[in-house]
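Structure record follows, encoded as structure tokens.
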Ligand SMILES: Cc1cc2nc3c(=O)[nH]c(=O)nc-3n(C[C@H](O)[C@H](O)[C@H](O)COP(=O)(O)OP(=O)(O)OC[C@H]3O[C@@H](n4cnc5c(N)ncnc54)[C@H](O)[C@@H]3O)c2cc1C
């Protein structure tokens, strides 16, 4: 018997346990993990710790002034809140709060879409100090790319080594008395009970933190769609090589295109770079990839376009994994008091920071403390059945293929500067198509 059983030792599960222990130090908490700590997206992401979450413009624009300020502060405050925990428990995760730069790196249309995005950000009430446009020369002081047109900068992002954060948190939790049981797959969840290896474990509450992993028992099945993302990393680069690529240590950077790219200059001296990969028919999550998997071609080609001094031989590491998209493209955190089930997920590619906020939120919802965390518009009270389902196949697969091809065509034509008369209509069509599935 435990007070709280948590399914999944990724950031959501680990942070929830951490904040529960702060609020209820005597509670017995067990985390059951089917593989090992950080096996899922948490141990294999690009290390952007964002002070925000996917879809925050939508949330914030719907709020009145005072509430909006509170929500904004919670989101922006994520980065320093993670730093505080790491400092308190001496977790070394290569934390570097250097901000993020979304660069219009290859063609002028990227600058147009950056301005359109910036307008949405400011229309949602977010200030100039949170997101601002940098001129070409200001951008060049941070990044060296041959065709820069400027960039969108936000200070609300740090870079970390995700594996170090997962392992550091796990060891801190063990020190606090949290039980972390690895290689323990939860086969079933039922009335205040989780079943592992046919053995039931009774619990007062349970937390579903399994994100993109499929399970037949999950009340969250069809609420999330797994999409995979691919990451590559270079050998250690020298300071002179950094001066020709990413000048600012710890900077998170992106090529502002629809492939959703994310890079960082890591503390270990590697350039880490990832891009959204694909979707498998039947909503299958994917975590096993070989080093020569064709999935790594796209990020490699793009990285070389951005930094022509890097060659394929400079790439030393390749890995990938699945993240989960909710049907509304907004992450969710909820608690059903009747069944004692708390749940969070659907972070898209922005869960490293959001899972910290949601871990604290789930903990506060479970102990029913009532705080600023539990009074946010993204919280669901009651069963996860309130969340929208994804459509049945083949619709998600067809939708993903269509959008993927459209986005790739738009990017290729703009990058190659071919058929310029088609760029604007394609941009509008891509925007419309992306808007339609929202
Ligand atoms: C390649 C890649 C790059 C990314 N880059 C970034 C980034 O740079 N910045 C950012 O903010 N976000 C990024 N993300 C997203 C981010 O990593 C995730 O949103 C976040 O880590 C989700 O954490 P989680 O704990 O909810 O899920 P996960 O980390 O996926 O953890 C779920 C855990 O549950 C376990 N589990 C599942 N089913 C069971 C079961 N039945 N029994 C027991 N255990 C189970 C799994 O093994 C897994 O360890 C990226 C994702 C990927 C895949």
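The values are calculated or read from the model by the stated rules, or taken from the named source; none is laboratory data. What you are looking at is a predicted structure, and each value in this text was computed from that prediction instead of being measured. Reconstructed Cβ throughout: ideal geometry from the backbone, glycine too, with neighbour counts over all protein chains shown.
Could you run through segment 410-436 and say how many residues are surrounded by 15 or more Cβ atoms within 10 Å (Cβ to Cβ) and closer than 23 Å to residue 348 by Cβ? Even if it seems obvious, please write down each step before you answer.
Within segment 410-436, the subset surrounded by 15 or more Cβ atoms within 10 Å (Cβ to Cβ) is 410-411, 413-415, 423, 426-427, 430.
From the residues that got through so far, the ones that are closer than 23 Å to residue 348 by Cβ too are 410-411, 427, 430.
The number of residues fulfilling the criteria is 4.
The rows are residues; the columns are (1) under 21 Å from residue 6 (Cα atoms); (2) not assigned by TED's automatic domain parsing to the domain that holds residue 43.
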| residue | (1), (2) |
| --- | --- |
| 321 | no, yes |
| 341 | yes, no |
| 351 | yes, no |
| 376 | no, no |
| 395 | no, yes |
| 398 | no, yes |
| 405 | no, yes |
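Exactly one of (1) assigned to a helix (DSSP H, G or I); (2) under 23 Å from residue 57 (Cα atoms); (3) out of contact with any helix residue (DSSP H, G or I) (no Cβ under 8 Å at 6 or more places or on another chain) is unmet by residue 388. Its number?
Failed condition: (1).
Do any residues in segment 282-293 that are more than 13 Å from residue 322 (Cβ to Cβ) have Cβ atoms under 6 Å from those of residues that are buried (at least 17 other Cβ atoms within 10 Å of the Cβ), where the two are at least six apart or on different chains, and which pairs are they?
Cβ pairs passing all conditions: 291/318.
Among the residues of segment 170-188, are any within 16 Å of the ligand (Cβ to nearest atom), surrounded by 20 or more Cβ atoms within 10 Å (Cβ to Cβ), within 19 Å of the chain's Cα centre (by Cα) and not in a loop (DSSP other than H, G, I, E, B)?
No, every residue in segment 170-188 fails to be within 16 Å of the ligand (Cβ to nearest atom), surrounded by 20 or more Cβ atoms within 10 Å (Cβ to Cβ), within 19 Å of the chain's Cα centre (by Cα) and not in a loop (DSSP other than H, G, I, E, B).
Run residue 74 past the list (1) in contact (Cβ under 8 Å) with a residue 60 or more places away in the chain; (2) buried (at least 21 other Cβ atoms within 10 Å of the Cβ); (3) not assigned by TED's automatic domain parsing to the domain that holds residue 241 and report the number of the one that doesn't hold.
Single failed check for residue 74: (2).
Which of the residues belonging to segment 372-385 are surrounded by 12 or more Cβ atoms within 10 Å (Cβ to Cβ) and part of a helix (DSSP H, G or I)?
Matches in segment 372-385: 372, 373, 374, 384.
Which condition from (1) in contact with a helix residue (DSSP H, G or I) (Cβ under 7 Å, 6 or more places away or on another chain); (2) not in a helix (DSSP H, G or I) is the one that residue 349 breaks?
It fails just one condition, (1).
Take the conditions modelled with pLDDT under 95, out of contact with any helix residue (DSSP H, G or I) (no Cβ under 8 Å at 6 or more places or on another chain) and not assigned by TED's automatic domain parsing to the domain that holds residue 359 and apply them to residue 317. Does it pass?
When the stated conditions are applied, residue 317 does not pass them.
In the list 269, 321, 282, which residue meets the criterion of being out of contact with any strand residue (DSSP E or B) (no Cβ under 6 Å at 6 or more places or on another chain), surrounded by 14 or more Cβ atoms within 10 Å (Cβ to Cβ) and more than 18 Å from residue 257 (Cβ to Cβ)?
Result: 321 is the single residue among 269, 321, 282 that is out of contact with any strand residue (DSSP E or B) (no Cβ under 6 Å at 6 or more places or on another chain), surrounded by 14 or more Cβ atoms within 10 Å (Cβ to Cβ) and more than 18 Å from residue 257 (Cβ to Cβ).
Restricting attention to strands (runs of 3 or more DSSP E) lying wholly within segment 6-108, give those where 3 or more residues are within 13 Å of the ligand (Cβ to nearest atom) and touching a strand residue (DSSP E or B) at 6+ places or on another chain (Cβ under 7 Å).
Because the criterion is at least 3 residues that are within 13 Å of the ligand (Cβ to nearest atom) and touching a strand residue (DSSP E or B) at 6+ places or on another chain (Cβ under 7 Å), the strands (runs of 3 or more DSSP E) in segment 6-108 that meet it are 29-32, 48-50.
Based on this model, can you work out whether residue 369 counts as out of contact with any strand residue (DSSP E or B) (no Cβ under 7 Å at 6 or more places or on another chain), under 30 Å from residue 23 (Cβ atoms) and surrounded by fewer than 16 Cβ atoms within 10 Å (Cβ to Cβ)?
Against the criterion (out of contact with any strand residue (DSSP E or B) (no Cβ under 7 Å at 6 or more places or on another chain), under 30 Å from residue 23 (Cβ atoms) and surrounded by fewer than 16 Cβ atoms within 10 Å (Cβ to Cβ)), residue 369 qualifies.
Might you let me know whether segment 113-123 holds any residue that is within 13 Å of residue 257 (Cβ to Cβ) and surrounded by 18 or more Cβ atoms within 10 Å (Cβ to Cβ)?
Within segment 113-123, one or more residues are within 13 Å of residue 257 (Cβ to Cβ) and surrounded by 18 or more Cβ atoms within 10 Å (Cβ to Cβ).
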